[in-house]
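What follows is a short report on a single structure.
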Number of protein chains: 2
Amino acid sequence: MTTILLASRNAKKLGELRRILGPAVPELEVIGLDDLASIGLAPYEEVPESGASFADNALLKARAGFKHTGLPTVADDSGLTVDALNGMPGVLSARWCGRHGDDRANNDLLLAQLADVPDERLTAAFRASVAYVDGERELVVDGEMPGSLIREPRGEHGFGYDPLFVPAGRRQTSAELDPAEKDAISHRGQALRLLADLLAR
Amino acid sequence: MTTILLASRNAKKLGELRRILGPAVPELEVIGLDDLASIGLAPYEEVPESGASFADNALLKARAGFKHTGLPTVADDSGLTVDALNGMPGVLSARWCGRHGDDRANNDLLLAQLADVPDERLTAAFRASVAYVDGERELVVDGEMPGSLIREPRGEHGFGYDPLFVPAGRRQTSAELDPAEKDAISHRGQALRLLADLLAR
């Protein structure tokens, strides 16, 4: 049995990691930050996401997880990079409006900032970095989903900026794609599959 | 007598342009957008600042002024570029919070976005581009004032992000410097002096 910590409290991310790493790592058990007590480990204080890049933040979180638990640890950071904003909101995606996790306010602010930017310059990408730290190796893999923004939110799936983002070659927003379809092309899905390939070697 | 249009309604900018271009251009008259009627010219609809750079926007505005009035036209665009925001707010400085010209809201949003960014990464610069268009020449000159941000506004002079910005080598914020001292080192002052040099040749 291999136990891996995902340094996150997000049940959806735990499920995604189990689905994608499962075939690559025999007898895999993936636990999250909320499961530490159940295997007799103490909770620890999470590090602030103060890095300058998704990769920095993913590594910070994976190193902290390994340091405090001794378990091989996976961590991710991801966000939306808008070309007309020089790649921001980027690492600040979840707190672009100044508060953490207020999707509605983040979307409203982004649209207002881009009001005078011509449609043809509304190109953007979702990007993710996933880090893996086990005391012997530090791996960092990236994924990217290019596309463009629309000016009116559409769709009920997903979260964050999904209702404003149309992946390249699609007509639906990320929030209109069904979750399996989004997983197949998503930035985090790509990064996790790359990690699975590396761990299977 | 040489009449030059400054494509702006800002009296402070008009005064600054007169002071700096005056010695370079004999018998100079500088008028602003609000003075067009007084010399028998019709007002025109200003172009939106939709460019991707300060230089783009300055040129857009200077070309529009020359096209509509036939007068040699000067226009500027400027803003704050924050390294931890990949150079944003940049061309969106005046409307970073989603509304145009709300200095308080722009400052509050910027500070909230930077809350987890370590102090040593709070480097920034004020940048300006000034364009001149007279039907024969198109000139664009740039100025830069490097420095860093603080987390509590200080000072009553200036406008915009001045209370949060400490020019390199100073202890006072741009809003604590007296106006003459700020003019001497400011991004726009530098750009205007470069333009004066070019026009004097």
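As an exercise: evaluate A:GLU152 against (1) in a loop (DSSP other than H, G, I, E, B); (2) touching a residue at least 40 places away in the same chain (Cβ under 8 Å) and give the number of the one condition it does not meet.
(2)
Output the number of the condition that B:SER78 fails; it satisfies all remaining conditions of (1) open to solvent by less than 30 Å² (accessible area, probe 1.4 Å); (2) over 19 Å from A:ASP83 (Cβ atoms); (3) not in a loop (DSSP other than H, G, I, E, B).
(1)
Look at segment B:43-83 and say how many of its residues are within 14 Å of chain A (Cβ to nearest Cβ), without any contact (Cβ under 8 Å) to a residue 40 or more places away in the chain and in contact with a Leu (Cβ under 6 Å, 6 or more places away or on another chain).
Summing the residues that are within 14 Å of chain A (Cβ to nearest Cβ), without any contact (Cβ under 8 Å) to a residue 40 or more places away in the chain and in contact with a Leu (Cβ under 6 Å, 6 or more places away or on another chain) in segment B:43-83 gives 1.
Would you check which residues across segment B:46-61 are modelled with pLDDT under 95 and open to solvent by 50 Å² or more (accessible area, probe 1.4 Å) and list them? Steps first, please.
Residues of segment B:46-61 modelled with pLDDT under 95: B:46-52.
Hits for segment B:46-61 are B:GLU46, B:VAL47, B:PRO48, B:GLU49, B:ALA52.
Residues of segment A:122-137 being open to solvent by less than 10 Å² (accessible area, probe 1.4 Å) and in a loop (DSSP other than H, G, I, E, B), which ones?
Within segment A:122-137, just A:LEU122 meets the criteria.
Kindly provide the set of residues from segment A:162-182 that are under 27 Å from A:VAL74 (Cβ atoms), surrounded by 18 or more Cβ atoms within 10 Å (Cβ to Cβ) and out of contact with any Pro (no Cβ under 8 Å at 6 or more places or on another chain), ordered by number. So that I can check it myself, show each step before the final result.
Going residue by residue through segment A:162-182, those that are under 27 Å from A:VAL74 (Cβ atoms) are A:162, A:165, A:167, A:174-175, A:177-182.
Filter again for surrounded by 18 or more Cβ atoms within 10 Å (Cβ to Cβ), leaving A:162, A:165, A:167, A:174-175, A:177, A:182.
Across segment A:162-182, the qualifying residues are A:ASP162, A:PHE165, A:LYS182.
Every residue, every condition in (1) touching a residue at least 12 places away in the same chain (Cβ under 8 Å); (2) in contact with a helix residue (DSSP H, G or I) (Cβ under 8 Å, 6 or more places away or on another chain); (3) within 14 Å of chain B (Cβ to nearest Cβ), yes or no:
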residue	(1), (2), (3)
A:PRO89	yes, yes, yes
A:ARG95	no, yes, yes
A:LEU111	yes, yes, yes
A:THR123	yes, yes, yes
A:TYR132	yes, yes, no
A:GLY135	yes, yes, no
A:GLY143	yes, yes, no
A:PRO146	yes, no, no
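How about segment A:96-121: which of its residues are surrounded by 19 or more Cβ atoms within 10 Å (Cβ to Cβ) and touching an Asp or Glu at 6+ places or on another chain (Cβ under 8 Å)?
A:CYS97, A:GLY98
In this structure, does A:GLY40 turn out to be touching a residue at least 60 places away in the same chain (Cβ under 8 Å) and either more than 26 Å from B:GLY98 (Cα to Cα) or within 14 Å of chain B (Cβ to nearest Cβ) (or both)? So that I can check it myself, show each step before the final result.
Numbers: touching a residue at least 60 places away in the same chain (Cβ under 8 Å): no; either more than 26 Å from B:GLY98 (Cα to Cα) or within 14 Å of chain B (Cβ to nearest Cβ) (or both): yes.
It is false that A:GLY40 is touching a residue at least 60 places away in the same chain (Cβ under 8 Å) and either more than 26 Å from B:GLY98 (Cα to Cα) or within 14 Å of chain B (Cβ to nearest Cβ) (or both).
Of all residues in segment B:184-201 being touching a residue at least 40 places away in the same chain (Cβ under 8 Å) and farther than 16 Å from B:ARG127 by Cβ, which is least open to solvent (accessible area, probe 1.4 Å)? Give the derivation first.
Pass one, segment B:184-201, residues touching a residue at least 40 places away in the same chain (Cβ under 8 Å): B:185-200.
Still in the list and also farther than 16 Å from B:ARG127 by Cβ: B:196-200.
Numbers: B:ALA196: 9, B:ASP197: 92, B:LEU198: 50, B:LEU199: 28, B:ALA200: 63 Å².
Going through the qualifying residues, I end up with B:ALA196.
Within segment A:138-161, can you find the residues that are β-branched (Val, Ile, Thr) and surrounded by fewer than 16 Cβ atoms within 10 Å (Cβ to Cβ)? First the steps, then the outcome.
Going residue by residue through segment A:138-161, those that are β-branched (Val, Ile, Thr) are A:140-141, A:150.
Answer for segment A:138-161, where residues must be β-branched (Val, Ile, Thr) and surrounded by fewer than 16 Cβ atoms within 10 Å (Cβ to Cβ): just A:ILE150.
The values are calculated or read from the model by the stated rules, or taken from the named source; none is laboratory data. Please read all numbers here as calculations on a predicted model, not as lab measurements. Note that each Cβ is placed from the backbone with ideal geometry, even for glycine, and that neighbours are counted across all protein chains shown. Ligands, DNA and RNA are stripped out before the accessible areas are found, and what is left, the full protein with its side chains, is counted by its heavy atoms. Shrake-Rupley method; radii C 1.70, N 1.55, O 1.52, S 1.80 Å.
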